[in-house]
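See structure below.
The values are calculated or read from the model by the stated rules, or taken from the named source; none is laboratory data. On a predicted model such as this, the values are computed, not experimentally measured, just so you know. Note that each Cβ is placed from the backbone with ideal geometry, even for glycine, and that neighbours are counted across all protein chains shown.
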Amino acid sequence: MYIDKYTINSYGNKYKGNKELKNQLLTSIKSTDGQRLRKMVAFLEEYEDLHHQYSSDIELIINIKSSN
């Protein structure tokens, strides 16, 4: 399966001064270059290890549109 475009958002807590801000957008990756699903899975596993080492909830939304 080929993914035509994707967006990956990573949310977590940030600190501004001495105040903790919850559920903030930490990183975002967006591409229209496309990717094979198999390579995307490997990328996502590595991405999670780098950015969310302890625990995370992952939400996946897939939209399949007819090209006719």
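The table for this structure:
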{"read-out": "Selected residue (only one of S66, S55, S10 is of a type in the set (S, T, Y) and in contact with a His (Cβ under 7 Å, 6 or more places away or on another chain))", "value": "S10"}
{"read-out": "Test: residue in segment 15-33 that is in a helix (DSSP H, G or I), surrounded by 10 or more Cβ atoms within 10 Å (Cβ to Cβ) and in contact with a strand residue (DSSP E or B) (Cβ under 8 Å, 6 or more places away or on another chain)", "value": "no"}
{"read-out": "Residue list for segment 47-68, restricted to those being under 11 Å from the mean Cα position of the chain (by Cα) and assigned to a helix (DSSP H, G or I)", "value": "Y47, E48, H51"}
{"read-out": "Residues of segment 27-58 satisfying the condition of being of a type in the set (A, V, I, L, M), in contact (Cβ under 8 Å) with a residue 24 or more places away in the chain and within 23 Å of N13 (Cβ to Cβ)", "value": "L44"}
{"read-out": "Residue match in segment 44-61 (condition: among the charged types (D, E, K, R), surrounded by 10 or more Cβ atoms within 10 Å (Cβ to Cβ) and modelled with pLDDT of 90 or more)", "value": "no"}
{"read-out": "Residues located in segment 13-34, provided they are at pLDDT below 90 and on the phi > 0 side of the Ramachandran plot", "value": "G34"}
